[in-house]
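Q: What follows is a structure written as C-alpha cells; I'll ask about it next.
The values are calculated or read from the model by the stated rules, or taken from the named source; none is laboratory data. Note that the coordinates shown come from a computational prediction; the quantities given were computed from them, not determined experimentally. No Cβ is skipped: glycine too gets one built from the backbone with ideal geometry, and neighbour counts run over all protein chains shown.
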Amino acid sequence: MMNRYQKLGSNTVILGIGTFGSKLLVFLLMPFYTAMLSTAEYSTAELITSTANLLIPLACIGISNGIFRFAAEKESDKEAVFSSSLALLGLGTLVFLLLAPILSLVDYFSGYTYLIVAYVISANIQAVCAQYVRAVDRTKLFALQGVFNTLITVGCNLVFLAVFDLGVTGYVLSVVVGNLVTAVFLTVSAGLWRVFRFSRIEKRLIGQLLRFSLPLIPTTVCWLITDLSDRYMVTYFWGDSINGIYSAAYKIPTVVHLVSGIFLQAWQFSAVAESSDEEECRKFYSKVFDGFLSVILIGSVGLILCSELLAHLLLNASYHGAKTYIPTLLCAVAVEALVSFLATVYLVRKKSMHSFLTAILGTVCNVLLNLLLIPRVGALGAAFATLMAYCVVLVARVIDVKRILPFRMQLPRLIGNFALLFLAAVFMTAENGWRYLPVSLLTALICALNAPVLIRSIRQLFIRRKK
C-alpha cells in the first residue's frame, strides 16, 4: 500500500512526464521564436500575454483556485462545486466583456484588444476544466491535457509564424486556439457535461467559493505586477529591444519554475488530503520541505554555472545579452519556489487573506526598487528588484506560517545555502574570464551540502506502509 510520500512521488512523476515534456518542447523552440520575431516584436507579444495574464484572475473571479480547493476535499459534492464554479465563471466573463473596450484606450494595445480578450476567456475556460480534473485525482488526464495543449499551441505557432507570417498576432492566437481545443478535449475525456447541472448551483456554496477566491484575485494580481512592472518600466526607460532581451532571459530560469511547479501541483493535492492530523501534517511538511529545498538549490546553481552556454545555445545572436540577467533571475525564481511552497499552508488552512497580505509586501518592494534602479542600471536593476521582492515575501511568510503550521524549516541551512547561491550569481554576472572557477566551487559546495538530504527524501519513496 502506498505511503503518503509514494503518492506524492507518483503524482509528481505523472505530472512531470506530461508537463516537462510539453514545456521542454516550448523551451527548445526558443531559437525559432527569437528567429521569427524581432526583439521589439517579441517584447510586444510578451507584454500582450503578460497583460492578459494580469486580467485572467479578475475575469474568472479567482474561481480556478477555488474549484481545486473545494473539489479536492474528500467529502465535497463534486457536481455542486463544478456547477457553482462555472456559474461564477460565466458571471465574471460577462462583466469582463462589458469592460473590455477600456483596453482599446491604451495606445500600446491598439489593434490587439481582441487578442487580449480571446486569450483571457480561453485561458479561464481551460483552467477551470483542468483544475477540476486535477482536484478529483484524474492526475494522468491532467498531465495529458498539458501535453495536448502544448502540441496544439506549438503546431499553430509553426503555421501562423513560419507559413502565414502573422508575427505578434500569430504568437498570441496560437495560445488561444490551444486553450480552446484543450477545453473541448477535457470536456469529452472527463465527461464534464455530465457533471454540470443548473439544479446543482448552490447559493451557499457560491458564497463559500467567493470568500475563499476573492482574496486570491489581488494576490494573483500582486504577483503579476511583480513580474510585469519591471518589463513595463524597462520598455519605458530603455525601449522594446532591451525589454525583448530581458524577456528572453526569463525563459531559462523558467526551468526551475517548471520543476517546482510540477511538484507543487502534486504537493497541493497531498497537502489537502493529509491535513486532518496536525502532528502528522507538521512532520509531512518538514520532510517534504527539506527535499524540495535541496532540489531547488542544486538545480538553480547548476543552471547559473551553465547560464552563458544556455544563452548561446537557445537564443538567437541578437538576444545573447540576456546572459547578464539570467543568474539573478535564477536566484529570484529559486526564492519564488519556496514562497509558493509556503502558500500551500494558506491553501490547506483556507487563509487566502494571509496570502494576499504577504504578497502585497513584495509588490510594493518590487515597484519601488524598479523605479529606483531601472533608470540607473537598466534591466539588471529590474532583475535585482524582482529578487529582493521575493526575499521580502519569503521572510514574511516564514514568520507568518510558523504561527499557522509550525513545521521545521531549518532556517540556518536555508539562509546559508541561499547566501552561497547569491554569491555564485554575483560571480557569474561579472564579465571576468576567471569567474567559472569560484562558481564551480560554489556549485560543488551546494551540491555536497544538499545531496545527502535529497537522498534521504528519495528513500522515503521506497518505504512501504503496512496495511
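Q: Y112 versus (1) over 25 Å from R231 (Cα atoms); (2) crowded, with 20+ Cβ neighbours inside 10 Å: which is the lone unmet condition?
A: Here Y112 clears every test but (1).
Q: Among the residues of region 66-91, write down those that are under 23 Å from K351 (Cβ atoms) and either in contact with a Cys (Cβ under 6 Å, 6 or more places away or on another chain) or in a helix (DSSP H, G or I) (or both).
A: The answer is G66, I67, F68, R69, F70, A71, V81, S84, S85, L88.
Yes/no per residue for (1) of a type in the set (S, T, Y); (2) assigned by TED's automatic domain parsing to the domain that holds L180; (3) surrounded by fewer than 22 Cβ atoms within 10 Å (Cβ to Cβ); (4) in a helix (DSSP H, G or I):
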residue: Y108; (1), (2), (3), (4): yes, yes, yes, yes
residue: A118; (1), (2), (3), (4): no, yes, yes, yes
residue: I121; (1), (2), (3), (4): no, yes, no, yes
residue: N124; (1), (2), (3), (4): no, yes, no, yes
residue: V128; (1), (2), (3), (4): no, yes, no, yes
residue: Y132; (1), (2), (3), (4): yes, yes, no, yes
residue: L141; (1), (2), (3), (4): no, yes, yes, yes
residue: L144; (1), (2), (3), (4): no, yes, yes, yes
residue: F148; (1), (2), (3), (4): no, yes, yes, yes
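Q: Here's something else I'd like to know. Quick check on region 182-215: of everything there that is assigned to a loop (DSSP other than H, G, I, E, B) and over 19 Å from Q126 (Cβ atoms), which residue is modelled with the lowest pLDDT? Walk me through it before giving the result.
A: Quick first cut of region 182-215, residues assigned to a loop (DSSP other than H, G, I, E, B) only: 190-191, 196-197, 201-202, 214-215.
Then keep just the ones that are over 19 Å from Q126 (Cβ atoms); that gives 197, 201-202, 214-215.
On the way: R197: 86, I201: 88, E202: 89, L214: 83, P215: 80.
The extreme case among them is P215.
Q: While we're on this one: Which residues, counting only those in region 421-437, are surrounded by fewer than 16 Cβ atoms within 10 Å (Cβ to Cβ), among the hydrophobic types (A, V, I, L, M, F, W, C) and within 13 Å of K323 (Cβ to Cβ)?
A: A430
Q: Please verify whether V401 is of a type in the set (A, V, I, L, M) and out of contact with any Leu (no Cβ under 8 Å at 6 or more places or on another chain), treating the condition exactly as stated.
A: Working: of a type in the set (A, V, I, L, M): yes; out of contact with any Leu (no Cβ under 8 Å at 6 or more places or on another chain): no.
Taking the combined requirement at face value, the residue does not satisfy it.
Q: Further question: Among the residues of region 249-256, is any surrounded by fewer than 19 Cβ atoms within 10 Å (Cβ to Cβ) and assigned by TED's automatic domain parsing to the domain that holds E431? Give the steps one after another, and end with the answer.
A: The initial filter retains those residues of region 249-256 that are surrounded by fewer than 19 Cβ atoms within 10 Å (Cβ to Cβ), namely 254.
Subset that is assigned by TED's automatic domain parsing to the domain that holds E431: 254.
Yes, region 249-256 contains a residue that is surrounded by fewer than 19 Cβ atoms within 10 Å (Cβ to Cβ) and assigned by TED's automatic domain parsing to the domain that holds E431.
Q: I'm told S307 meets every condition in (1) in contact with a Lys or Arg (Cβ under 9 Å, 6 or more places away or on another chain); (2) at pLDDT 90 or above except one. Can you identify the failing condition by its number?
A: Exception for S307: condition (2).
Q: Here's another thing I want to ask about it. Just one of the numbered conditions (1) closer than 25 Å to L91 by Cα; (2) in contact with a Phe, Trp or Tyr (Cβ under 7 Å, 6 or more places away or on another chain); (3) crowded, with 21+ Cβ neighbours inside 10 Å is not true of L103; which one?
A: For L103, the failing item is (3).
Q: Here's something else I'd like to know. Test I61 against the criterion of being within 29 Å of G90 (Cα to Cα), modelled with pLDDT of 80 or more, assigned to a helix (DSSP H, G or I) and touching a helix residue (DSSP H, G or I) at 6+ places or on another chain (Cβ under 7 Å), and give yes or no. Break it down stepwise before answering.
A: Values: within 29 Å of G90 (Cα to Cα): yes; modelled with pLDDT of 80 or more: yes; assigned to a helix (DSSP H, G or I): no; touching a helix residue (DSSP H, G or I) at 6+ places or on another chain (Cβ under 7 Å): yes.
It is false that I61 is within 29 Å of G90 (Cα to Cα), modelled with pLDDT of 80 or more, assigned to a helix (DSSP H, G or I) and touching a helix residue (DSSP H, G or I) at 6+ places or on another chain (Cβ under 7 Å).
Q: Looking at this structure, is P406 farther than 30 Å from L441 by Cβ, part of a helix (DSSP H, G or I), of a type outside the set (F, W, Y) and more than 20 Å from the chain's Cα centre (by Cα)?
A: So P406 fails the test.
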